[in-house]
Each structure stands twice: as C-alpha cells, then as structure tokens.
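Since the structure comes first, as structure tokens, the remarks are kept for the end.
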Amino acid sequence: RARLDRLLQSYWKPVFAYIRTGWRKSIEDSKDLTQSFFTHVLEKEFLTKVRPEGGSFRGYLKRSLKNFVIDQARATLAHGPKGNAILMDLGSSDLDRMESLASEESPERVYDREWFHELLQSVTARLQQWMEGHGKEAYFQVFSAYCLDPCEESPTYESVGKRFTLTASAVRHYLEYSRMLFRKFLKEKIRDYVVDDEEVERELREVTGE
C-alpha cells in the first residue's frame, strides 16, 4: 500500500494538469476531480486490471482518467473527498506552467509532459541528496550549472569551469559521473512502476528522447 501511495503521489500533478488544461475546468473543480479520481483508484480493484501487454502504467492510468472524466461529466460530482484520498497543494509556479500549456497542447500531451517534469524533478532531488551525502557537492553544482541552470542558455565546459575554478577536463569528468548516476536513479525510479526491464527501456526512451 505504501508503494501504491508513492506511485499515485507522483501522478497527482499530471492528472490535475490533464483535467485543468485539457477539460478547461476551474482550479477548484480540477482539484475535486483529481481527488475523486484517486479515490476511485484506491477504492476499486484498479490495479488488478493492469496487464503488461496493455502498455505502460502511465498509459493505462491516462486512458482510465479519460474514461473517468467522461463518466463524471455525465453524472453529478460527489462533493467532498472521502476515504484514503491523496491531497496535494499546488504552488503558483506549478499552476503557471500548466496554464501555459493549456492553449497549445492536447490533454494527453500535457499529462505526459507533466509526468516527465515530476519524474525528472524527483530524480534530480535524489541525485542532489546522494551527492551531498557522499561529499560530492561540487559534482552536483557542476551538473546543475551545465544541465539545469536557465541563466546560461548554452553553457560550455569552459564557462562552467570558470564559475567553479575548474578545468574543462574536470567539468567533463564531473558531468560524466553525474549523468551516469542520474541515469541509474532514473531507471530505478521507472522500474518502480513497470513490470520488466524491457518496459524500463521503453519509458526511458520516452523521457530522454533517445
């Protein structure tokens, strides 16, 4: 059950984004529908219907969400979540990002994009925690500056090296190590919700574009 709760937590924002930007619901209605969807998932024998040959869990949940919203549109939405529903607060940055997608992408694409965003954030946080716990804060700083920093549009080994008094060769080494570890953590995160290593590789290609 704890594993299921962690899994659904990671899908809360993608589901909210799908409803909010795809179905043009208000923020509060989107929260209510998201809450109701996860209550539905937790109360029904939802996972017993998942089959490996049917594709990824991400895709299965997306199809189930579409059917759920259609069903809810035909019925009166029950007021007030019950049971073991999962609650999550959304910051202004989350809402701004979702709103910016509303007019340019399909709800399915918004769902996938938001899921990718949550996945990468989670793995980045784990990488930072691991690096700091193993005395490699400088490695994460270089990784963040080169791969995550929006202030520098096209960083180079030399430009990042100047920021941290490192040679270009050292920056290259730090990045190779960090990327290797990031990919390892990413695969472990994906493996937590798929059935086999082949599915891990398929999801990994979706995330990385490889």
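Can we say S93 is assigned to a helix (DSSP H, G or I), more than 16 Å from the chain's Cα centre (by Cα) and at pLDDT below 80?
Taking the combined requirement at face value, the residue does not satisfy it.
Inspect the stretch 67-79 for any residue being open to solvent by 60 Å² or more (accessible area, probe 1.4 Å) and at pLDDT 75 or above and give the result as yes or no.
Yes: the stretch 67-79 contains one or more residues that are open to solvent by 60 Å² or more (accessible area, probe 1.4 Å) and at pLDDT 75 or above.
Restricted to the stretch 157-181, and to residues that are part of a loop (DSSP other than H, G, I, E, B) and without any contact (Cβ under 8 Å) to a residue 12 or more places away in the chain, which residue is most open to solvent (accessible area, probe 1.4 Å)?
Within the stretch 157-181, the match that is most open to solvent (accessible area, probe 1.4 Å) is T165.
So how many residues does the stretch 117-160 have that are among the acidic types (D, E) and within 23 Å of the chain's Cα centre (by Cα)?
3
Just for the stretch 143-155: of the residues that are part of a loop (DSSP other than H, G, I, E, B) and open to solvent by 60 Å² or more (accessible area, probe 1.4 Å), which one is nearest to R58 (Cα to Cα)?
Across the stretch 143-155, the extreme among qualifying residues is P150.
Among (1) in a helix (DSSP H, G or I); (2) touching an Asp or Glu at 6+ places or on another chain (Cβ under 9 Å); (3) modelled with pLDDT under 85, there is one condition V194 misses while meeting the rest; what is its number?
The one condition V194 does not meet is (1).
The values are calculated or read from the model by the stated rules, or taken from the named source; none is laboratory data. Quantities reported herein were computed from a predicted structural model and do not represent experimental measurements. When we count neighbours, we look across all protein chains shown, and the Cβ atoms used for this are built from the backbone with ideal geometry, even at glycine. Accessible surface is based on the protein model in full, side chains and every heavy atom, while ligands, DNA and RNA are left aside. Shrake-Rupley method; radii C 1.70, N 1.55, O 1.52, S 1.80 Å.
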